[in-house]
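Enquirer: Sending over a structure as structure tokens; questions will come in a sec.
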Amino acid sequence: MSDNFSNSQIIKDPGDNYKTLGTRPVRHDGVDKVTGRAIYGNDVQLQGLIEGVILRSPVAHARIKSIDTSAAEAFPGVLAVATSADFPDPKDKVADLGEGPVNLAHLSANCLARDKVFYKGQAIAAVAARDVHIAEEALSLIKVEYELLPVLTRVLDAMKEGSPLLHEDLRTNEMGKKADTPSNISDHLHFEQGDPDTAFENAHLVVEREFKTQTVHQGYIEPHVATAHWNQDGHLTVWASTQGAFSAREQTAETLALPVSKVKVIPCEIGGGFGGKIPIYLEPVAAVLSRKSGRPVKIQMTRDGVFEGTGPTPASFMRIKVGVDEAGKILAAEAWLAYETGAYPGGVIGPGCMCVFSCYDIENARVDGFDVCVNKPWTKAYRAPGSTHVAFAMESVVDEIAAKLEMDPIELRLLNAAKEGTKRVDGPVYPRIGLVETLEAARDHDHYKSPIEGPNRGRGMAAGFWFNIGLKSSVTAHVNNDGTVTLLEGSTDIGGTRTSIAMQLAETLGIGAEDINPKVADTDSVGYTDITGGSRVTFATGLAAIEAGKDIISQMKGRAAMLWECEEGEVGFADAVFSQDSNSITFAELCGKLSSTGGLITARASVDPQGFTNGFAVHICDIEVDPETGKVDILRYTALQDAGKAIHPSYVEGQMQGGSVQGIGWALNEEYLFDEDGRMLNPTMLDYRMPTALDVPMIDTVIIEVPNPSHPFGVRGVGEPPIVPPPPAIANAIKNATGVRMTELPMSPPRVFEAITKNGGAPS
């Protein structure tokens, strides 16, 4: 039993002999957070600080004919008003801001709209005043004249030939080539291997189904907040709730046409992000207001501003076709995927295409994926972006095949499971991965083997995948004379990465995790580091910490050699002890002699690991359906996942549990509701139904350790795979409980009740 009180289990790598890794030290930031000393975005208070608020569009699609801010500017207590006219014109410039290329015109217009608005809630103007109440009053005085345009809120409608265009100059990017005519389709991806058509002809059984998902919010509790101070010397300092200080710096600098050297971003503690706090919204607006007022400016979004004005995950339409032989071997698979990208191009169809068949070894496969602009907020990443959608579709079809073949669903998946050497349809070949081991652990688990009894009850399971990116990370480590090490890292800590990175440095040095003092640094204090996202930080920033640790050991060997008057190469190091013949000295003891042997030691490391670390999860879920209301209750839930190496098992369990709960919410309740005019109808936490503690049981966890060959300690990212299996696992459980196959998310009580009523509870 772990300290999170779940029924948890760890299936360890037999070669595990670590001292620090795999233990459960007290988190380094725990005291500050439980005592309230931790500084979050809204805690920033500067001398002369004034408050800013945002005016948002009341319509979903319109040309902006005029903006009159004169009355607001004249209002007593107002110190600055900003519109897009205060931003430089980025024209057609494209910049790589850490998440891939971004059209700066779109980024800028999403912060403050220029000529058009593309969704209700898009930012139009901003006011800064002595206090927020004055700012809000002045905001109401701004007059905007709109020319209304047709509204598109559904992906298939937007794809139709002749549908109204959001962007008259948008031409579909067809695998690097631009189409000749404008369209709402921003990107079309196509991947193919083998001969799917012939394989389908030879299949014993073919199952084809269509699926839909709705727009879903990341569910971070802390709203977006930014404070900016544009100093008279031309330097801009920004305090932000962000998943990437360097990305926020690049985005802000590019939006304002400033050199990055003149922008410093100080990351605050973050009250959740899950991908939603990678892009900027407020930073350049607060900066302009600060420049115009001569005062530091803070802007914090309202809750409805978060829902209506920031990027959720996209709604989707998907068609999946799978053919198998008599034994259940998958011969062919085909996917047609359409994701809403919202107001501007640049969605998550790429990862969707990568992940759709990623759990299976399929020789003949075809994937077509489309990013489509609609009049909704510009969609952004949400924990394994794009993967949950396709897992819902693919894992539902795989389960249906198992039922038709009268096969155990796990055995069918084991027969077809991806393994080392499997080539994905988008090209990569897997190195050592742990899907088979995770499926076997699920098959052998008490939860899967135990009977489920009672009416309207069912059990479902599903697998899920995320590819875990690498990207750039930097750390700086200072060795102190008391035997401790101060560690500066560039990665925002969302899921406990201060501790997971500190533990890797501690393991390298042979000292305790409590002897490492990790700090998240600002952009002027540590080397460039990419975003906290993609389940990359423990892997990539951990690699940087290991390299810094090796540098520390090398430098300290030189100091020991100086003491013993020997060659540096004669000095050995093991278990935090330096030795040479009969001489020995502990790490802590040698630290006490650094001042007299040349001064304290500083080590730095920057890494840029390439490729993916590949994480797999398998979930088992028991549910009960109320046939009179359609309400689905979760009775028991077990999440199994290959973590490579669980650095801090409590953190891994927490990631697995948190991701599972988010996936359960996505499966059963969460969705944006829009009317035909593109207005969101539920932009509050009361109406947008996220799960509470009353909705879920304790999530049991099983950590499987199959070491990642591209990391010295075998680490894989763990934060994203657990959100992927819940929707299909629950859908499969509903099918087994009611005989009804659900094909649209969320599987809310009205949808489940309607499906049961239409099918009469009979198998579909």
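A short reminder: the numbers here are calculations on the coordinates, not readings from a lab. Keep in mind that this is a model prediction, so the values were computed, not measured. Heads up, the Cβs are rebuilt from the backbone with ideal geometry, glycines too, and the neighbour counts pull from every protein chain shown.
Enquirer: Once the dipole of region 536-668 is set up with Lys and Arg at +1 and Asp and Glu at -1 on Cβ about the Cα centre, which of 560, 632, 620 lies farthest towards its positive end?
Expert: Going by the charge dipole, the pick is 560.
Enquirer: Another question, then. For residue 329 and residue 554 in one chain, what is 0.36 nm times their gap in residues minus the Cα-Cα distance, to one decimal in nm?
Expert: On the way: separation 225, 0.36 × 225 = 81.00 nm, distance 5.30 nm.
Between residue 329 and residue 554, full extension yields 75.7 nm more.
Enquirer: For a footprinting-style exposure proxy, rank 591, 621 by other Cβ within 10 Å, fewest first.
Expert: Numbers: 591 23, 621 31.
Ordered from fewest to most neighbouring Cβ atoms within 10 Å, 591, 621 come out as 591, 621.
Enquirer: Please give the charge dipole size of the chain, origin at the Cα centre, charges +1 on K and R Cβ atoms and -1 on D and E Cβ atoms. Round to the nearest 20 debye. Before the final figure, lay out each step's value.
Expert: Values: 68 positive and 100 negative charges, 241 e Å.
Using only the charged Cβ atoms, the result is roughly 1160 debye.
Enquirer: Report the dimensions of region 204-330 along its three principal axes from the alpha-carbon atoms, largest first, rounded to Å.
Expert: Computed over region 204-330, the largest-to-smallest principal extents equal 74, 30, 23 Å.
Enquirer: Which of the lysines could a cross-linker span from residue 593 if the Cα-Cα distance has to be under 22 Å and same-chain partners fewer than 8 positions apart are dropped?
Expert: Partners found: 550, 557.
Enquirer: While we're on this one: Too long at a 30 Å Cα-Cα cut-off: which of 419/758; 116/177; 277/419? Intermediate results must be reported in sequence, preceding the final value.
Expert: On the way: 419/758 41 Å; 116/177 27 Å; 277/419 34 Å.
Over 30 Å apart, Cα to Cα: 419/758; 277/419.
Enquirer: Obtain the nm distance between the two label points defined at residue 407 and residue 208 by a simple spin-label model: each point lies 7 Å from its Cα along the Cα-to-C-beta direction.
Expert: Distance between the two pseudo-spin positions: 2.1 nm.
Enquirer: Compute the signed sum of charges (Lys and Arg +1, Asp and Glu -1) over the other residues within less than 14 Å, Cβ to Cβ, of residue 310.
Expert: Numbers: positive: 56, 120, 277, 303, 376, 380; negative: 222, 283, 304, 308.
Counting the neighbours of residue 310, the net charge comes to +2.
Enquirer: Going by how many other Cβ atoms sit within 10 Å of their own, how do 339, 18, 448 line up, fewest first? Kindly include the intermediate steps, with their values, before the conclusion.
Expert: Details: 339 30, 18 15, 448 18.
Ascending Cβ contact count within 10 Å gives the list 18, 448, 339.
Enquirer: Work out, step by step, the length gained on full extension between residue 319 and residue 221: first 0.36 nm times the residue separation, then minus their alpha carbon distance; give nm to one decimal. Before the final figure, lay out each step's value.
Expert: Numbers: separation 98, 0.36 × 98 = 35.28 nm, distance 3.38 nm.
The residue 319-residue 221 span can extend by a further 31.9 nm.
Enquirer: At what distance in nm do the modelled label points of residue 758 and residue 49 sit from each other, each positioned 7 Å from its Cα along Cα→Cβ?
Expert: 5.2
Enquirer: Highest mean first, what order results for 343-356, 225-238, 143-156, 623-636 on Cβ atoms within 10 Å?
Expert: Working: 343-356: 25.4, 225-238: 20.1, 143-156: 16.7, 623-636: 18.2.
So the peptides 343-356, 225-238, 143-156, 623-636, ranked by packing, come out 343-356, 225-238, 623-636, 143-156.
Enquirer: Take region 470-607, drop everything but the C-alpha atoms, weight them equally and run the Debye formula without solvent; then report log10 I(q)/I(0) at 0.18, 0.21 Å⁻¹ to two decimals.
Expert: Taking Cα atoms of region 470-607 as identical point scatterers yields -0.90, -1.13.
Enquirer: If you don't mind, there's one more thing I want to ask. Please compute the net charge surrounding residue 707, taking Lys and Arg as +1 and Asp and Glu as -1 over other residues with Cβ under 13 Å from its Cβ. Could you put the intermediate results ahead of the total?
Expert: Working: positive: 12, 432, 645, 716; negative: 13, 16, 420, 437, 642, 705.
Local charge sum for residue 707: -2.
Enquirer: Can you figure out the FRET efficiency of residue 682 with residue 19, using R₀ = 45 Å and their beta-carbon distance, to the nearest 0.05? Write down the numbers at each step before the final one.
Expert: Numbers: r = 50 Å, r/R0 = 1.12.
Calculated transfer efficiency: 0.35.
Enquirer: If you take every DSSP beta bridge fully contained in region 470-607, what fraction is antiparallel? Give it as a percent rounded to 5. Spell out each step's value before the answer.
Expert: On the way: 19 of 24 bridges.
Here the share of antiparallel DSSP bridges comes out near 80 percent.
Enquirer: I've got another one for you. Just tell me, in residue order, which DSSP H segments of the chain are both 30 angstrom or longer along the helix axis (alpha-carbon based) and at least 1.6 in mean Kyte-Doolittle hydropathy.
Expert: none
Enquirer: Can I ask one more? Could you tell me the largest-minus-smallest coordinate of the C-alpha atoms of region 545-629 on each of the three principal axes, in descending order and whole angstroms?
Expert: 83, 28, 23
Enquirer: In addition: Using the Cα centre of region 587-660 as the reference point, and only Cβ charges (+1 on K/R, -1 on D/E), how large is the resulting charge dipole? Debye, rounded to the nearest 20.
Expert: Numbers: 5 positive and 9 negative charges, 134 e Å.
Roughly 640 debye, rounded to the nearest 20.
Enquirer: Let me ask you something else. Check the straight Cα-Cα distances from residue 380 and name the aspartates and glutamates below 14 Å, setting aside those fewer than 8 residues away within the same chain.
Expert: Here the aspartates and glutamates satisfying the reach criterion relative to residue 380 are 99, 308, 340, 371.
Enquirer: Turning to a different aspect of this structure: Within 10 Å, count the other beta carbons around each residue, average over each peptide in 537-546, 657-666, 688-697, and list them highest first. Walk me through the numbers on the way to the answer.
Expert: Details: 537-546: 29.2, 657-666: 26.1, 688-697: 14.3.
Top to bottom by mean Cβ count within 10 Å: 537-546, 657-666, 688-697.
Enquirer: So if the hydrodynamic radius of the chain is defined as the Kirkwood radius over C-alpha pairs, what does Stokes-Einstein give as its diffusion coefficient at 25 °C and 0.890 mPa s, in µm² per second? Before the final figure, lay out each step's value.
Expert: Working: Rh = 27.3 Å.
In µm²/s, the coefficient rounds to 90.
Enquirer: Could you sort 388-397, 577-586 so that the peptide with the highest average Cβ count within 10 Å comes first and the rest follow in order?
Expert: Working: 388-397: 28.8, 577-586: 15.2.
Ranking the peptides 388-397, 577-586 by packing returns 388-397, 577-586.
Enquirer: Return 651, 220 ranked ascending by Cβ neighbour count within 10 Å, so the fewest neighbours appear first.
Expert: 220, 651
Enquirer: Note down the net charge around residue 572, summing +1 for each Lys or Arg and -1 for each Asp or Glu among other residues with Cβ under 15 Å from its Cβ. It would help to have the intermediate numbers written out before the result.
Expert: Numbers: positive: 550, 557, 559; negative: 567, 568, 570, 575, 581.
That works out to -2.
Enquirer: Given H placed on each backbone N at 1.01 Å, which residues far from residue 55 in sequence or on other chains put an amide H within less than 5 Å of it?
Expert: 124, 125, 126, 127
Enquirer: Report for the chain the percent antiparallel among DSSP-assigned beta bridges with both residues inside it, nearest 5. Each step should come with its number before you reach the end.
Expert: Values: 101 of 137 bridges.
Within the chain, antiparallel bridges account for around 75 percent of the total.
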